[in-house]
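Reviewing the structure listed below.
Derivation of every value follows stated rules applied to the coordinates shown; laboratory data play no part. If you're wondering where the values come from, they're calculated on a predicted model, not measured in any experiment. Positions of Cβ are generated from backbone atoms using ideal geometry, with glycine treated the same way; all protein chains shown enter the neighbour counts.
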Amino acid sequence: MTNGSVADRRATPAAQLVQKPQKRTLERREAVLKAALSVFGARGYNNGALAEIAAQAGMTHAGVLHHFGSKEGLLIAVLQYRDGEEVAGIARREQPTGKAFLGHLIDTVRENTTRPGVVQAYAVLSAESVTDGHPAQDYFRGRLDGLREKLISVINESTDFVADQQEVSDTASALIAVMDGLQVQWLLDPAAVDMPRTVAMVLEELVGRLMAGRRDIEVPMGATPAD
């Protein structure tokens, strides 16, 4: 019986022998991710210390490294967690698809007004990522490419005709720019910026313009303002 059990284990693929993390382990990892969001958001990646993250999460520096391997590994995990992806055994948050995704964008912006620390972490880290050698640069580049492609797909589904694809791509890029730029304005002066309303207004205007096939203002490429 014993020999047979050993043989069975040897024949079992390694992936099947890996146990799901226990509830307590997942809670500790999520505590680290939340602490890292706070610290990286306040101090940036380079100045954010693992020791401070560990203290906020109620564990040791070695404990943080045990779960995430390195500071760089923790940073990428934090970004994935912030975006609702599956990370470190923590289940992903489902997102709607198709036309419903446009409404989901507004809901996300509205939710962000209740979690300024998350918004601050994203704004700080995304700005830092443009610097040479930043460990999150590939992540943000991939995230923007993925979001742009998803918006292009959703916008095409939302129009009742085949729109010019360069214009659709420009619309997707403009929506991302508005959402990210508004976050900075809101962080600096929350009372002056209504993020959900402004994003909804821009979304309605840009997508509505595509659906109507309108080109109200034609600006020649390379034109300069009149004196």
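So how do 122-129, 30-37, 173-180 stack up, highest first, on mean other-Cβ count within 10 Å?
On the way: 122-129: 18.8, 30-37: 21.9, 173-180: 16.2.
Peptide ranking by packing, descending: 30-37, 122-129, 173-180.
If you rank F68, F101, F40 by fewest surrounding Cβ atoms within 10 Å, what's the result? Please report the intermediate quantities before stating the final value.
Details: F68 23, F101 18, F40 28.
Ordered by Cβ neighbours within 10 Å, fewest first: F101, F68, F40.
Give the peptides 135-142, 93-100, 49-56 in descending order of average Cβ contacts within 10 Å, highest first. List each step's numbers first, then the result.
On the way: 135-142: 14.9, 93-100: 11.0, 49-56: 17.4.
My ranking of the peptides, most packed first, is 49-56, 135-142, 93-100.
Could you size up the charge dipole of segment 100-212 around its Cα centre, putting +1 on the beta carbon of Lys and Arg and -1 on that of Asp and Glu, and report it in debye to the nearest 20? Please list the in-between numbers first.
Working: 8 positive and 17 negative charges, 57 e Å.
That gives a dipole near 280 debye.
Can you work out the FRET efficiency for the pair A55 and R115, with r the C-beta to C-beta distance and R0 = 30 Å, to the nearest 0.05?
Working: r = 21 Å, r/R0 = 0.71.
With a Förster radius of 30 Å, E is 0.90.
Report, to one decimal in Å, the Kirkwood hydrodynamic radius for segment 80-154 based on all distinct Cα pairs.
About 13.8 Å, per the Kirkwood formula over Cα pairs.
Return the FRET efficiency for the residue pair E167, A91: r is the Cβ-Cβ distance, R0 is 41 Å, and the value is rounded to the nearest 0.05.
0.65
With the dipole of segment 100-212 worked out from charges on the C-beta (+1 for Lys and Arg, -1 for Asp and Glu) around the Cα centre, which of I176, L187, L206 lies farthest toward the positive end?
L187
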